[in-house]
2 protein chains.
Amino acid sequence: MPVTIRDVARASGVHVSTVSRAFSAPHLVNPDTRSRVLAVAEGLGYRPNRAARALTTGRTHNFGIIVADIANPFFPPLIKAAQAHARSRDYNVFVADTDEDPQVEEEVIQTLSKQVDGVLLCSPRLTNKAIERLREEVPFVVVNRRIRGMPTVLMDVGQGASLAVRHLTELGHRRIALVSGPAGSWTSKAMHEAVATAGADAVFLGPNAPTEQGGITAAADVIASRVTGVLAYNDLVAIGLIEGLSERGVRVPEDVSVIGVDDIVAGRLNRPKLTTVSMPAAAAGRVAVDMLLQAVDDVAAATVTTLETSLVVRESTGRART
Amino acid sequence: MPVTIRDVARASGVHVSTVSRAFSAPHLVNPDTRSRVLAVAEGLGYRPNRAARALTTGRTHNFGIIVADIANPFFPPLIKAAQAHARSRDYNVFVADTDEDPQVEEEVIQTLSKQVDGVLLCSPRLTNKAIERLREEVPFVVVNRRIRGMPTVLMDVGQGASLAVRHLTELGHRRIALVSGPAGSWTSKAMHEAVATAGADAVFLGPNAPTEQGGITAAADVIASRVTGVLAYNDLVAIGLIEGLSERGVRVPEDVSVIGVDDIVAGRLNRPKLTTVSMPAAAAGRVAVDMLLQAVDDVAAATVTTLETSLVVRESTGRART
DNA sequence: ATACTTCCTGCAACCGGTTGCCGTGAGGAG
DNA sequence: CTCCTCACGGCAACCGGTTGCAGGAAGTAT
């Protein structure tokens, strides 16, 4: 029922190969013939079948984006930017949610591998080994995780953490806590290292769940540690922490300053408005797609792009009481 | 380089058609042969190419989900649920963001049409006419918009609005405002009608931008209208409204009760925690995929599924002052 | 022993495009 | 006028699978 290239050929009195070339190799066909063919195609409502084309060209013009949890507010802006950028390059994108399950992640990569030219792995949960192996089947670009020899886009949370600590010390805070996230994540490590070397008197609290509840729970530890400035693993934790502190009569920012990471919408809506390390998620999405486009024809390239983060000062940080 | 069905055939000494059947029609091949073929395939790391398969079967085993804005917190849970459900039925999903642009929406549908078995249109911005036309090319299921003769999943905001109004009247509020959203949206109309017939003394304020800023701006109108209960177009508006009211010295819920719609994360994080009409987004995603699966082989079906909403009472509503 | 099933497998066409190769005819050079 | 070049477009094979058809082998009924 759908109109194919042969219908167009028949209707315009040329061979299918000519129709094909009219679309994908214009310089090889007489301008008059071409415009006639295009007119007929238009009239018939013909659209080239990309899947069929992929069969011979080996280019699907599709990408895959794999994330652990679409509903995590950190990812949608990244996906949105990546998708928009891909579209501008005439690529469509599959999006798959692995529900934090490495097993699912592997399966998804498998089923996607033949229908895409490359995959964006956002904070993958698979082991390095598994990723190396799957790389044989489809090109990857990894976001927010360091894997040797693989094209990578990193958002420099370490640098962001330094910014945050500097901001706190400039406000006069001497004792600072890092309320960290799950043990062993790349992000946690980078933050830990940055805070440790930032030259302040630092205490490390955690691991904690990377959620609002994790922050609420951590409030007691923060109070016990007698710090006046806190850098939280992410905005959700920061928001929970502020809530936990206020339940215990500690005020933000009057008594304790709190900084989050991610700059999600909820932080801007929070009262006090959250001071936070803003992640260049949209930029990361675009860069990753660019690297994917490059990886498509130049398999060897294994660049590492590191994106700067920035500090957004709002209302949850203030001068230390003297 | 990737291993094909012919490689497997050669390596296991059978014809390609036998390999094909070993995978997709097991009952047609001798159990011994089958297990031998599967073993060889496994050893070679063979994966059937779904795109190639689609060419002959006419089933791509892909769906498309089209939304106006992935970053709108309402959509990710829906996408997540739809994707997970689709995966359990062995379907992959494309996700496309149209940036609220009907033109882009149409283009995206066009390029996707041949690579998917159906498309989920979430709150489409296209005209009915355009959608009817595109329907010729690919089956649709429409979410959150009413289009005659088309499979549809609706979340009953009207019923949710009734719930909200009833909650307010039970708390003793006599004058109620509906702070509506953009003019002409299906949602706005449904809410308007529900509030108008809910039997309270109602005033209608708007149209407003469906954002936090829209809510802040509407605060003045709300105060001027001397209501004590408000139903906002969505949670963002409600949060903005609460902020706008508090800037003007009006307290929530002591002076005015506010109810939102959507139940986004930010509402739960807000202070006061937002009372809201919760939308069954995940259920909608699952149901929509089920309808899509059905539409794939039974083009005629044009069911309308309406999902109930529920009221989540938190802290932004309270008893009217007597 | 013959005829009829049933089960299994091979053959080859086909899905919708792409592309290397070749033939044709027009135009330019000599 | 002849020869060469080259732009154009047709032919057919191919991409990786699927599937209707047919045929051979084995089993069963007569």
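For segment B:49-198, the relative contact order works out to 19 percent when only alpha carbon pairs closer than 8 Å and six or more residues apart are counted.
For the options B:ASN62, B:ASN128, B:ASN30, a Gaussian network treatment of chain B with springs between C-alpha atoms closer than 10 Å singles out B:ASN30 as fluctuating the most. Counted as membrane-span-like here are DSSP H helices of chain B whose alpha-carbon atoms extend 24 Å or more along the helix's own axis and whose Kyte-Doolittle mean is 0.5 or above; these are B:281-297.
Mean separation of Cα pairs under 8 Å and 6 or more residues apart, divided by the residue count, gives chain B a relative contact order of 17 percent. At a Förster distance of 35 Å, what's the computed FRET efficiency of B:THR4 paired with B:ASP99, Cβ-Cβ distance as r, to 0.05? Using R0 = 35 Å, I get an efficiency of 0.35.
Across segment A:182-322, Cα pairs under 8 Å and at least six residues apart give a relative contact order of 20 percent.
May I ask for the distance between the Cα centers of segment B:151-206 and segment A:30-87, given as a whole number of Å? Each part reduced to its Cα centre gives a spacing of 41 Å.
Here the sum of -39500 (n - 2.57) over DSSP H runs of 4 or more residues, divided by the residues of chain B, equals -13500 deg cm²/dmol at 222 nm, to the nearest 500. DSSP bridge analysis restricted to chain B gives an antiparallel fraction near 10%, rounded to the nearest 5. Computed with a 1.4 Å probe over protein heavy atoms only, the accessible surface of the protein assembly as shown comes to 43 Å² per residue. Under a straight-distance cross-link criterion of Cα-Cα below 21 Å, which lysines are reachable from B:LYS189, leaving out those fewer than 8 residues away in the same chain? In chain and number order, the partners are B:LYS129. Pairs from the table (A:LYS80/A:LYS273; A:LYS80/B:LYS273; A:LYS80/B:LYS80) lying more than 22 angstrom apart at Cα are A:LYS80/A:LYS273; A:LYS80/B:LYS273. Protein heavy-atom surface of segment B:82-151, 1.4 angstrom probe: 43% of the accessible area is carbon and sulfur, with nucleic acids and ligands not counted.
For the pair A:VAL16 and A:ARG47, a Förster radius of 25 Å applied to the C-beta separation gives a FRET efficiency near 0.95, rounded to the nearest 0.05.
Of the accessible area of segment B:157-279, computed with a 1.4 Å probe over protein heavy atoms only, carbon and sulfur atoms account for 51 percent. The contact residues of segment A:69-109, meaning those that lose at least 30 Å² of 1.4 Å-probe accessible area when all protein chains sit together rather than their chain alone, are A:ILE70, A:ALA71, A:PRO76, A:LYS80, A:GLN83, A:ARG87, A:ASN92, A:VAL93, A:PHE94, A:VAL95, A:ASP97. Sorted shortest first, the distances from the B:GLU254 label point to those of the same residue in the other copies are 1.6 nm; each point sits 7 Å from Cα along Cα-to-Cβ.
Chains B and A together bury roughly 3900 Å² of accessible area, counting both sides, with a 1.4 Å probe on protein heavy atoms only. Measuring only protein heavy atoms, the 1.4 Å probe finds B:THR309 accessible over about 10 Å². Here is how far apart the B:GLN103 label points are across copies: 4.8 nm, shortest first, using a point 7 Å from Cα toward Cβ.
Residue separation of A:ALA39 and A:ALA183 scaled by 0.36 nm, minus their Cα-Cα distance, works out to 45.7 nm of gained length.
The values are calculated or read from the model by the stated rules, or taken from the named source; none is laboratory data. Being a predicted model, the structure only gives us computed values, none of them experimental. Heads up, the Cβs are rebuilt from the backbone with ideal geometry, glycines too, and the neighbour counts pull from every protein chain shown. With ligands, DNA and RNA removed, areas are computed over all heavy atoms of the protein, side chains included. Shrake-Rupley method; radii C 1.70, N 1.55, O 1.52, S 1.80 Å.
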